[in-house]
Ligand SMILES: Cc1cc2nc3c(=O)[nH]c(=O)nc-3n(C[C@H](O)[C@H](O)[C@H](O)COP(=O)(O)OP(=O)(O)OC[C@H]3O[C@@H](n4cnc5c(N)ncnc54)[C@H](O)[C@@H]3O)c2cc1C
């Protein structure tokens with residue numbers, strides 16, 4: 001059996017991310033969600049810790065860590081706000097793609113602003129007809145001299161309309177996964193436009209919108225790697241790590257509520273604690289003021 005444990009350095013990184021989350025994310029997350037606030041300042045503060053280029057190489061200005069460290073950081077931040085953690089995770093993936101596969105000129109043009117998150121990057125893969133089946137994407141890039149002409153539309157893009165840089169998966173070749181390339185497209189290139197912000201259940205701290213490309217002329221120099229090299233989805237590990245924090249925090253909150261109410265745990269009330277279980281409904285925190293809320297930051301801000 002393989003024994004798996006974190007190294008001292010990894011624990012330190014995890015602790016740093018947890019402290020940042022407790023100080024800068026958790027106390028504000030409910031307000032961000034309720035009022036649809038995109039916390040750009042907090043995101044930049046995360047970048048000051050190096051979280052804008054976690055696995056970007058040190059030679060390019062990143063902090064040169066690995067995917068495991070990135071997953072630890074995303075997991076820690078998701079404990080405060082999954083939506084903000086996922087947003088930062090996507091930016092990290094985009095910066096890493098430029099660092100790993102971009103030309104020196106492309107790195108020089110984008111990384112100095114992306115690492116401090118002075119400019120933020122989106123990753124554009126999903127289309128209306130290509131979600132899980134990402135390899136069937138249709139957004140097309142046709143070469144015309146020293147430009148590609150890009151036409152199509154991307155759906156559910158985190159940062160859509162707000163971010164300055166878009167790494168867009170486009171079809172330059174055959175059908176299927178082998179005909180896909182990645183282009184870096186700026187928000188202000190002529191022909192780029194954005195749909196309305198998506199209506200979501202939660203996840204309101206991040207803007208999410210359709211991104212449209214109407215014959216956008218993109219320099220060939222903005223190709224990341226070579227034609228056909230783009231992978232439909234390399235960010236699943238960080239997303240999975242961030243997702244773990246959602247049930248973990250829910251469990252912690254439930255445990256805190258049960259403890260506060262001072263109800264002895266029994267087989268029947270701990271397995272399925274609902275108002276109809278053996279815990280008297282009068283003691284559930286939302287309904288009885290004498291049961292204090294778990295922590296201020298867990299609750300919506302008081303109405304004005
Ligand atoms: C808040 C938010 C932010 C997002 N941000 C981004 C982003 O920044 N960039 C980006 O590119 N995308 C983004 N997405 C899109 C996300 O990656 C897609 O929603 C996801 O890939 C699933 O695609 P879909 O919504 O079209 O679902 P579908 O592909 O329609 O799938 C719906 C369900 O059917 C299941 N399913 C699909 N096909 C099969 C099959 N053949 N057999 C069995 N089951 C199947 C799926 O597992 C899923 O449970 C975002 C989405 C949301 C909600």
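The values are calculated or read from the model by the stated rules, or taken from the named source; none is laboratory data. Quick caveat: nothing in here was measured; it's all calculated off a predicted structure. Backbone-built Cβ (ideal geometry, glycine too); neighbour counts: all protein chains shown.
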Read through the list (1) over 14 Å from the mean Cα position of the chain (by Cα); (2) farther than 21 Å from residue 157 by Cα, then give the number of the only condition that residue 33 fails. (2)
Of 123, 166, 148, the only residue that is part of a strand (DSSP E or B), closer than 23 Å to residue 203 by Cα and in contact with a helix residue (DSSP H, G or I) (Cβ under 8 Å, 6 or more places away or on another chain) is 123
Scan (1) over 17 Å from the mean Cα position of the chain (by Cα); (2) in contact (Cβ under 8 Å) with a residue 40 or more places away in the chain for the single condition residue 154 breaks and write down its number. (1)
Scan (1) surrounded by fewer than 24 Cβ atoms within 10 Å (Cβ to Cβ); (2) within 10 Å of the ligand (Cβ to nearest atom); (3) modelled with pLDDT of 95 or more; (4) in a loop (DSSP other than H, G, I, E, B) for the single condition residue 86 breaks and write down its number. (4)
Give me the residue from the range 130-143 that is touching a strand residue (DSSP E or B) at 6+ places or on another chain (Cβ under 9 Å) and part of a loop (DSSP other than H, G, I, E, B) and, out of that set, nearest to the ligand (Cβ to nearest atom). 131
Every pair of residues 6+ apart whose Cβ atoms lie under 6 Å, when the first sits in the range 228-249 and is within 25 Å of residue 80 (Cβ to Cβ) and not assigned by TED's automatic domain parsing to the domain that holds residue 84 while the second is at pLDDT below 75 and part of a loop (DSSP other than H, G, I, E, B): none
All-but-one check, residue 146 against (1) closer than 23 Å to residue 215 by Cα; (2) within 12 Å of the ligand (Cβ to nearest atom); (3) in contact (Cβ under 8 Å) with a residue 24 or more places away in the chain, failing number (2)
Out of 169, 117, which single residue is within 18 Å of the chain's Cα centre (by Cα) and near the ligand (Cβ under 10 Å from one of its atoms)? 169
Looking at 75, 48, 58, 34, which one is surrounded by fewer than 21 Cβ atoms within 10 Å (Cβ to Cβ) and farther than 22 Å from residue 111 by Cα? 34
Only residues that are within 15 Å of the ligand (Cβ to nearest atom), at pLDDT 95 or above and in a loop (DSSP other than H, G, I, E, B): list them for the range 177-199, please. 187
